[in-house]
Amino acid sequence: MNTSVSNAVRLLGAGLRALLVLTVICGVIYPLAVTGIAQALFNDKADGSEIKDGSGRVVGSSLIGQTYDLPQHDPDDAEEAARPDLRWFQPRPSHGLGSNSVNTRYSLILSGATNRSADNGAVGGRCTKDAAEGTLCAQVIAAREAVVADNSIPGHQVEPEDVPADAVTSSGSGLDPDISPAYAKLQIHRVAERNDLDVKRVEKLVADHTTGRTLGFLGEPRVNVLALNIALKALTES
């Protein structure tokens with residue numbers, strides 16, 4: 001009996017010592033080491049890839065998309081449809097992003113895709129105006145019509161075939177912070193008119209904020225909408 005008790009105490013003591021050592025190593029030393037390395041070598045990324053405006057105020061993350069909508073007529077009306085603020089470059093469609101005014105009202109609600117197939121609502125294998133309400137095709141058709149209407153101004157007509165896919169579809173997460181250079185360029189004339197800017201200056205703004213493929217071959221060229229709109233705000237205030 002004494003031998004059994006002694007063995008049990010020894011095993012319990014060994015287990016407690018192992019728990020203490022592993023807690024110190026895995027719960028204290030390792031997190032501190034990883035955090036220290038991240039802060040030393042990748043400070044901006046470790047802190048959430050924050051983006052600041054001209055005054056140094058954090059207005060969001062370069063990794064999370066934001067919307068640019070006009071204030072609601074009735075803030076308490078959850079059913080009121082969002083209306084894009086056409087002074088700004090608009091991001092990809094998403095039902096999960098909070099509002100933004102560069103940036104005082106941003107609030108992340110949810111993320112995720114529709115999980116609908118590409119031909120959801122298609123008629124004869126194509127998305128047409130006959131698509132049933134609530135289907136992906138109906139959403140894409142409505143989004144394309146809105147993009148054409150919003151970005152067509154006197155002297156510059158946007159054609160439906162000019163609208164890129166990312167202008168009418170959300171990303172898998174619904175939080176994509178970037179748009180294609182094609183979608184950014186499609187918005188240039190409207191943004192220039194709304195902000196009383198020369199088109200050439202807005203074109204240069206887009207070109208300056210266009211990022212190429214990672215390492216030259218990964219992904220696609222892209223434009224970060226938040227960074228672009230911060231630069232746009234600085235341009236309008238200069």
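The values are calculated or read from the model by the stated rules, or taken from the named source; none is laboratory data. As the structure is a computational prediction, the values presented were derived from the model and not from experiment. Every residue, glycine as well, gets a Cβ built from its backbone with ideal geometry; the counts of neighbours run over all protein chains shown.
Filtered by the rule that a residue be surrounded by 18 or more Cβ atoms within 10 Å (Cβ to Cβ), in a helix (DSSP H, G or I) and of a type outside the set (Val, Ile, Thr), the range 123-143 gives Leu136, Cys137, Ala138, Gln139.
The requirement of being out of contact with any helix residue (DSSP H, G or I) (no Cβ under 7 Å at 6 or more places or on another chain) and modelled with pLDDT of 85 or more is not satisfied by Glu80.
Restricting to the range 209-238, name every residue that is in a helix (DSSP H, G or I), within 19 Å of Ser49 (Cα to Cα) and free of Cβ contacts under 8 Å to residues at least 60 places away in the same chain. Hit for the range 209-238 is Ala231, nothing else. When each of Val24, Val9, Val58 is tested for being modelled with pLDDT of 85 or more, out of contact with any Ser or Thr (no Cβ under 7 Å at 6 or more places or on another chain), under 25 Å from Glu237 (Cβ atoms) and surrounded by fewer than 15 Cβ atoms within 10 Å (Cβ to Cβ), the lone residue that passes is Val58. Against the conditions (1) part of a helix (DSSP H, G or I); (2) of a type in the set (D, E, K, R); (3) touching a residue at least 24 places away in the same chain (Cβ under 8 Å), Lys200 satisfies every one except (3).
The condition (being modelled with pLDDT under 95, part of a helix (DSSP H, G or I) and under 24 Å from Ala138 (Cβ atoms)) is satisfied by just one residue among Asp176, Asp166: Asp166. In the range 37-53, which residues are surrounded by 13 or more Cβ atoms within 10 Å (Cβ to Cβ) and in a loop (DSSP other than H, G, I, E, B)? Scanning the range 37-53 gives Gly48, Ser49, Asp53.
Screening the range 195-226 for residues that are of a type outside the set (D, E, K, R) and crowded, with 18+ Cβ neighbours inside 10 Å and picking the one that is farthest from the chain's Cα centre (by Cα) gives Val202. Looking across the range 145-163, the residues that are within 18 Å of Trp88 (Cα to Cα) and part of a loop (DSSP other than H, G, I, E, B) come down to Ser152, Val158, Val163.
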